[in-house]
Structures are given as C-alpha cells and as structure tokens.
1. What part of the accessible area of the range 107-158, given as a whole %, is carbon or sulfur when the probe is 1.4 angstrom?
2. For Lys133, go through the aspartates and glutamates and keep the ones whose alpha-carbon is under 19 Å away, minus same-chain ones fewer than eight residues off.
3. Where does helix 4-16 land angle-wise versus the long Cα axis of the chain, in degrees 0 to 90, nearest 10?
4. Using the crude model of +1 on Lys and Arg Cβ and -1 on Asp and Glu Cβ, and no other charge, please compute the dipole size for the chain relative to its Cα centre, in debye to 20.
5. Could you do me a favour and compute the accessible area per residue for the chain, 1.4 Å probe, result in Å²?
6. Enumerate the lysines that Lys126 could reach by cross-link, defined here as Cα to Cα under 19 Å, with residues fewer than 8 away along the same chain left out.
7. Between the range 99-116 and the range 1-67, how far is it from one alpha carbon centroid to the other, in angstrom?
8. Compute the angle between helix 124-145 and the longest alpha-carbon principal axis of the chain, please, reported from 0 to 90 degrees and rounded to the nearest 10.
Amino acid sequence: HLDLYNWLAISAIVRHRIRDTPLHTSWQFLRQSVYSHNGFLHIPGHYSITLRPSPNLRPWVWYNTSNVYAAWAQLISVIGNTTIPPHNLPFVSHDLVDITRQFLQITFDQFYVNLMVAYRSKNMDKYVYIADKMLEILNDLETILATNMDFSLSCWLEAAKNLGRTPVEKQLYEMNARNQITAWGPNGQILDYATKQWSGVVVDYYRPRWALFLQMIQKSLELNQKFNEEAF
C-alpha cells in the first residue's frame with residue numbers, strides 16, 4: 001500500500017529542492033482533489049473549455065474544487081522563495097502554470113453553469129456580463145500557457161515536422177499533428193480527439209469557437225428565438 005501523503009511530501013522536496021510548508025500544503029491539497037479518484041471507472045475530460053460549445057454541457061468533477069484553489073494560492077506563495085536552485089526553477093514554473101490552468105478551467109465551468117441560468121431566464125444583462133468573463137478567462141489561459149514551452153502548440157508541431165525527411169513528409173506530419181488535436185480523420189470524423197490546453201490551441205481554436213457560441217446565443221436572446229445549435 002502506497003502512503004500518498006508521505007510520497008507527495010518527499011516528491012515535492014525532490015522536485016523543488018526546498019523544504020517549504022506552503023509547497024508541502026499545496027501538493028496535499030492536490031492529493032485531496034485532482035489526485036483523489038479511486039476505483040476503475042474511466043473518467044474522460046468533462047471540462048467545458050475543451051468541449052464543443054453547447055447549451056447542454058454538464059461539467060462535473062469528483063472532488064472539492066476549493067482544494068484546487070487552495071493549492072494554487074499556496075504554490076503562488078512559493079514563487080518568492082529565493083533558495084530554489086536554478087536547476088529546479090523550470091519544475092516550479094511548470095507546476096504553477098499547470099495548477100493555474102486547472103484553476104482557470106474550473107472557474108470557466110462555474111461561469112458556464114451560471115451563463116446557462118442567465119440564458120434560460122432571459123436575463124440579458126447577466127448573460128453579457130458572464131460571457132465577457134468567460135472570454136477573459138480564455139485570454140488569461142492563453143497568456144499563462146504562453147509563459148512555458150511545455151504548454152506550447154509550436155513544440156508539438158515542430159516535433160512532428162522534424163520527423164519528416166522531405167518537404168512533403170513534413171507537411172503531412174504537421175497536418176496530422178494539427179488534426180489529432182482538433183478534427184481528426186480525412187474529413188474530421190473524430191472531433192476533439194486529443195484535447196490539449198496549449199498556448200496556440202486556446203487562442204486559435206477554443207476561444208474562437210466559444211466566442212462564436214456566445215455571440216449566437218446572445219443573438220437568440222435578442223431575437224427571442226431558440227438557439228439553433230445545428231446552424232452553430
């Protein structure tokens with residue numbers, strides 16, 4: 001039986017090379033939240049940001065989201081620790097970006113739920129306010145992801161192209177790399193096969209389709225018509 005409490009405590013020290021109470025606390029909050037799933041049930045991603053926008057999404061998680069917020073706040077406080085060895089700073093950066101990403105997508109889910117309440121109650125002012133906040137979250141997500149190359153679309157595409165030995169092969173591999181994370185298959189038969197919250201994907205793929213969705217939903221409210229999901 002693995003003692004996750006102690007394993008994560010030691011892992012955090014090794015990864016960041018500091019003995020820091022907020023750092024330790026941060027990882028224990030993650031243990032109690034995103035790492036808390038037990039059993040053999042397969043849990044696919046149900047976060048709204050990477051799902052195709054629809055009025056019928058049902059975002060859900062199996063943990064208390066306040067623990068992710070707490071982990072995020074604790075890790076932010078670690079950033080000012082000047083005793084972290086330079087070799088370990090990339091790990092600190094990666095973890096902070098990753099937890100911030102999780103924080104933002106959970107927040108986006110909560111806004112989405114409230115957006116649909118505003119839509120169904122025909123509360124235009126509330127709808128516009130929430131829609132603006134959702135687009136802000138997508139902007140913030142792109143900004144934070146762009147600070148770390150571990151979360152970069154360009155790295156994925158360059159790696160794919162570098163496997164090609166000829167210009168034609170490079171173009172083919174890049175096309176397939178793009179398709180896998182958007183509309184895979186010769187004619188896009190498998191939509192959103194490998195959802196990736198990467199800088200470049202968020203700004204050029206997820207945000208534009210959410211912006212279109214929000215715009216068309218608002219138009220249906222203005223015209224007092226049912227949202228045409230097929231047209232969207």
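The values are calculated or read from the model by the stated rules, or taken from the named source; none is laboratory data. Just so we're clear, the structure is a prediction, and the values are computed from it rather than from any experiment. Every residue, glycine as well, gets a Cβ built from its backbone with ideal geometry; the counts of neighbours run over all protein chains shown. Surface accessibility is based on the protein's heavy atoms, side chains included, excluding ligands, DNA and RNA. Shrake-Rupley method; radii C 1.70, N 1.55, O 1.52, S 1.80 Å.
1. Working: 1500 of 2640 Å².
Exposed carbon and sulfur together represent 57 percent of the surface.
2. Answer for Lys133, where 19 Å is the Cα cut-off: Asp109, Asp125, Glu142, Asp204, listed by chain and number.
3. The angle comes out at about 80 degrees.
4. 220
5. Working: 13390 Å² over 232 residues.
Solvent-accessible surface per residue comes out at 58 Å².
6. Lys126 reaches Lys219, Lys226.
7. Comparing the Cα centres of the range 99-116 and the range 1-67, I get a distance of 16 Å.
8. Tilt relative to the chain: about 40 degrees.
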